[in-house]
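K.L.:
Below is a structure I'd like to ask you about.
The values are calculated or read from the model by the stated rules, or taken from the named source; none is laboratory data. The shown structure was predicted, so the numbers you read here are calculated from the model rather than taken from an experiment. When we count neighbours, we look across all protein chains shown, and the Cβ atoms used for this are built from the backbone with ideal geometry, even at glycine.
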């Protein structure tokens, strides 16, 4: 039930952030054949099953046939999310989206149309840098983070998986309380 409420709140937030499209928003979550639909009754009846299969909720918008919020297994990729959203439209510019990238919970996947100006990742959200999706260049925009620390963050992320909390950043050599205090308001997971 909590996940459903969070998905609805996330949907409302993402709609208010805008995605540049005016299509009607999907009222229900869609699931692929490989992804099980979890109804409220099933969630209450089988909480252990929900824990076994980590589900992430992502928002797919832009040049896709059915923009909306979708639930996927946590190990899914962007191409799978795009497929759930009805696939790409003829106007989609596939050269600017890494469809092999792993999805993360709460992620917004924006597929631009050919020739459409692309906003920076930080501008698509609340202005904070996502430690789980940021490139080295994006990380280097943070105070005290140069190329060496940015590469260390990416290496840590690749070795240990997604950051679950921003304070986990202090486990990386060279990033201690001083650097962390300068950037903690500018980062998220």
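K.L.:
May I ask you to list the residues in region 130-168 that are within 18 Å of residue 106 (Cβ to Cβ) and more than 17 Å from the chain's Cα centre (by Cα)? Reasoning before the result, please.
P.N.:
So in region 130-168, the residues within 18 Å of residue 106 (Cβ to Cβ) come out as 130-134, 138, 157, 161-166, 168.
Scanning region 130-168 gives a single hit, 168.
K.L.:
Go through region 90-112 and count every residue that is surrounded by 15 or more Cβ atoms within 10 Å (Cβ to Cβ) and in contact (Cβ under 8 Å) with a residue 24 or more places away in the chain. Quick ask: steps written out before the conclusion?
P.N.:
Step one: list which residues in region 90-112 are surrounded by 15 or more Cβ atoms within 10 Å (Cβ to Cβ), which gives 92-93, 97, 99, 102-112.
Add one more test, that the residue is in contact (Cβ under 8 Å) with a residue 24 or more places away in the chain, and what stays is 92-93, 102-112.
Counting residues in region 90-112 that are surrounded by 15 or more Cβ atoms within 10 Å (Cβ to Cβ) and in contact (Cβ under 8 Å) with a residue 24 or more places away in the chain gives 13.
K.L.:
Restricting to region 113-133, give me the number of residues that are farther than 20 Å from residue 157 by Cβ and either modelled with pLDDT of 80 or more or crowded, with 19+ Cβ neighbours inside 10 Å (or both).
P.N.:
3
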